[in-house]
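Before I ask anything, here is the structure I am working with.
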Amino acid sequence: MSWLSYTKALNRALTDAMAEDSSVVVLGEDIGAGLAGPTLGLQKRFGTGRVVDTPLSEQGFTGMAVGAALAGLRPVVEFQIPALLFLVFEQLTNQAHKFSLMTGGQASVPLTCLVPGSGSRDGWAGQHSDHPYSLFAHMGVKTVVPATPTDAYGLLRSAIADPDPVVVFAPAAALAVRDDVTAPLPAVPLGSARTHREGSDVTVVAVGHLVHEALAVAEELAAEGISVEVLDPRTLYPFDWEALGASLERTGRLVVVDDSNRSCGIGGEVLATAAEQFRLVAPPRRVTRPDGTVLPFARDLDRALQPGRDQLRHAVRTVAKH
């Protein structure tokens with residue numbers, strides 16, 4: 001038995017992928033020193049030719065990574081903060097994502113973007129605290145948000161092996177989570193959801209670190225006689241609609257909790273698809289950040305704008321009454 005932290009799981013995934021496949025390379029700012037954690041020790045083991053410290057020029061090294069992927073490598077680009085993805089959004093969604101589609105599969109871009117600290121961290125304020133995963137899901141880019149260390153390992157391994165660009169968001173609030181690991185870790189297929197807790201009254205779809213909040217709320221509400229099923233999509237695109245449909249067949253009630261802005265978010269998409277395609281016996285609810293949220297520097301204000309247990313508890317109780 002050994003305990004594996006979320007950050008160590010990402011590091012192990014990168015180490016194993018690089019050891020098994022010499023085409024895997026890593027690029028990013030401060031990755032030689034392993035400043036963010038996932039790349040710690042990689043440069044010493046694999047050398048500066050495969051673990052490349054880049055200048056502060058996200059558009060420059062992202063363009064280089066796209067070219068390297070087209071040339072046969074499997075680059076992993078680390079972005080220290082999620083807002084940096086805004087700078088390279090065109091390169092990822094309009095170029096890398098579309099090469100294989102526009103060439104009839106003749107070109108392949110096996111590029112992985114890793115964000116080891118998406119969302120809020122204490123005092124990181126407005127330009128460092130977003131969860132922009134819905135933007136990539138909207139564009140059809142493969143997008144994953146692991147909640148646990150074992151899923152972080154397994155999904156990152158699958159992302160690196162995938163022939164298409166994949167963006168991996170590692171929520172800052174999940175980085176301290178630890179798993180009890182007793183066996184070799186498997187890869188986790190992209191597009192496969194995970195049921196963390198079975199229930200019969202309400203399905204809670206929780207994204208990223210909010211899986212752990214949902215599990216805590218489910219445990220509390222069990223004492224009130226409300227049986228909550230907690231479903232972790234793990235991959236936001238492609239989404240595992242079959243797993244959601246199977247869960248709603250059991251419960252007929254739906255709450256989504258998602259720590260990103262309300263308008264045009266993944267929470268709204270899950271509710272809309274559930275209403276169109278599945279059996280619901282009560283109006284669904286979503287718990288998110290408010291519309292257009294920009295998180296402030298002040299910690300209490302930061303936390304007040306994020307979805308929490310009180311909001312989720314209220315939403316589940318409301319849906320369960322119908």
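When you count, for each residue, the other Cβ atoms within 10 Å and take the mean per peptide, how do 230-241, 109-120 rank with the highest first?
Ranked from most to least packed, the peptides come out as 109-120, 230-241.
Let me ask you something else. Please state the relative contact order of the chain as a whole percent: Cα pairs under 8 Å, 6+ residues apart?
The normalised contact order for the chain reaches 16 percent.
What does the charge dipole of the chain about its Cα centre add up to, to the nearest 20 debye, if the Cβ of each Lys and Arg holds +1 and the Cβ of each Asp and Glu holds -1?
In debye, rounded to 20, the chain gives about 100.
Shifting gears a bit: How charged is the neighbourhood of H196? Take every other residue with its Cβ under 11 Å from the Cβ of H196, and add Lys/Arg as +1 and Asp/Glu as -1.
-1
Stretched out fully, how many nm does the piece from L70 to N94 gain, at 0.36 nm a residue minus the Cα gap?
Extending this stretch completely gives an extra 7.2 nm.
A follow-up question, please. Which three numbers, in whole Å and largest first, are the semi-axes of the equivalent ellipsoid of the stretch 99-179 derived from its Cα gyration tensor as √(5λ)?
Gyration-tensor ellipsoid for the stretch 99-179: 26, 16, 8 Å.
Can you pull the Kirkwood radius for the chain, inverse mean 1/r over Cα pairs, to one decimal in Å?
20.0 Å
Which whole-Hz couplings ³J(HN,Hα) result when phi for each residue of the stretch 227-233 is put into the Karplus expression 6.51 cos²θ - 1.76 cosθ + 1.60, θ = phi - 60°, listed in order with x for Gly and Pro?
9, 10, 9, 10, 10, 9, x
Now for a separate question. If contacts are Cα pairs under 8 angstrom and at least 6 residues apart, what is the relative contact order of the stretch 162-310 in percent?
Value for the stretch 162-310: 22 percent.
Something else now. Please give me the summed charge of the neighbours of Q80: other residues whose Cβ is under 9 Å from its Cβ, Lys and Arg +1, Asp and Glu -1.
-3
Could the peptides 72-85, 190-203 be put in order, highest first, of the mean number of other beta-carbon atoms found within 10 Å of their residues?
72-85, 190-203
Let me ask another. To the nearest 20 Debye, how big is the dipole of the stretch 195-297 about its Cα centre, given +1 on the beta carbon of each Lys and Arg and -1 on that of each Asp and Glu?
So the dipole magnitude of the stretch 195-297 works out to roughly 240 debye.
Something else now. So how far, in whole Å, is the C-alpha centre of the stretch 216-281 from the one of the stretch 166-210?
Using only Cα atoms, the two centres lie 14 Å from each other.
Name the residue farthest towards the positive end of the dipole of the stretch 44-182 from the options S134, Q106, F86, assuming +1 on Cβ of Lys and Arg, -1 on Cβ of Asp and Glu, about the Cα centre.
So the residue we want is Q106.
What ranking, highest mean first, results for peptides 271-277, 154-160, 216-222, 171-177 when packing means the other Cβ atoms within 10 Å averaged over each residue?
In decreasing order of mean packing, 271-277, 154-160, 216-222, 171-177 become 154-160, 171-177, 216-222, 271-277.
Treating only the Cβ atoms of Lys and Arg (+1) and Asp and Glu (-1) as charged, compute the dipole magnitude of the stretch 245-322 about its Cα centre; round to the nearest 20 debye.
Dipole magnitude for the stretch 245-322 comes out near 380 debye.
Any read-out appearing in this document is the output of simple, stated calculations on the displayed coordinates, not a laboratory observation. A quick note: this is a predicted structure, and the numbers were derived from the prediction, not measured. Positions of Cβ are backbone-derived with ideal geometry, glycine not excepted, and every protein chain shown enters the neighbour counts.
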